[in-house]
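In what follows, a single structure is set out as structure tokens and then discussed.
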Amino acid sequence: MTQSTADAHILVSMTYASRANPDVSAKDFNEILKQAQENNTANGITGMLIFNKNYFLQTIEGPRAQINRLLYSLLADQRHRDLQVIDTHEITSRKWAKWSMNYASPTQDNAAIYLKYSTTVDFNPYLLNAGSSSDLMRELSSQKG
């Protein structure tokens, strides 16, 4: 039994924030989202991603070894920088089991939700604690239906 199959039953959730590099276009972001959905499906990872033109806020969940591998990949990805882990913990069930990668972006319809969790007028995930980032994602996801 390999290490990754031995601990596959140990699920973890990790939430991080990062800054999008200025040259990341809408096309680049769509590629990121598509790639994440494909890779996550193949690796048993589920999650939620929030993106505005400046920041990524993402929660990923899955087998501990896979999440660790993904973290190293994320750290090396040149499309974003300043990755900060906001929270990581073991879980017994997934919050995002329905999605290889759910996605939300700021719109006029959800602006009040972003404002509710922001300490500034502009959304900045670096200013959120673990509970606030989780609540924000949950509320945005439930608004999407």
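Please treat every number below as a calculation from the coordinates, not as lab data. In this text the structure is predicted, and so the values were computed from the model without any measurement. Reconstructed Cβ throughout: ideal geometry from the backbone, glycine too, with neighbour counts over all protein chains shown.
To the nearest 10 degrees, how steeply does helix 130-144 sit against the main Cα axis of the chain, on a 0 to 90 scale?
Taking Cα atoms only, the helix is inclined about 80 degrees.
Can you tell me what share of the DSSP beta bridges in the range 20-142 is antiparallel? A percent to the nearest 5 is fine.
70 percent
Which distance in Å, rounded to a whole number, links the C-alpha centroids of the range 88-106 and the range 9-76?
11 Å
Compute the signed sum of charges (Lys and Arg +1, Asp and Glu -1) over the other residues within less than 11 Å, Cβ to Cβ, of G62.
So the environment of G62 carries a net charge of +2.
Give the long-range amide H neighbours of D87: residues separated by 5 or more places, or on another chain, with amide H under 5 Å away, using H modelled in the peptide plane at 1.01 Å from N.
T15
I'm spelling it out carefully: the read-out is Cα extents along the principal axes in Å, the candidates are (1) 51, 31, 26; (2) 48, 28, 27; (3) 49, 35, 24, and one was derived from this structure. Which label?
(1)
Taking amide H atoms as placed 1.01 Å from N in the peptide plane, list the residues 5 or more away in sequence, or in a different chain, whose amide H sits under 5 Å from that of N102.
Amide H neighbours of N102: G47, M48, L49.
Run the reach check for K27 against aspartates and glutamates, Cα to Cα strictly under 17 Å, same-chain hits fewer than 8 apart removed. What comes back?
E38, D77
At a Förster radius of 30 Å, what calculated FRET efficiency corresponds to the Cβ-Cβ distance of R94 and V121, to the nearest 0.05?
0.35
With labels modelled as points extended 7 Å from the Cα through the Cβ direction, what inter-label distance (nm, one decimal) is found for S142 paired with N129?
2.0 nm
Divide by every residue of the chain the summed helix terms, -39500 (n - 2.57) for each DSSP H run of at least 4, and state the resulting mean residue ellipticity at 222 nm, rounded to the nearest 500 deg cm²/dmol.
About -12000 deg cm²/dmol.
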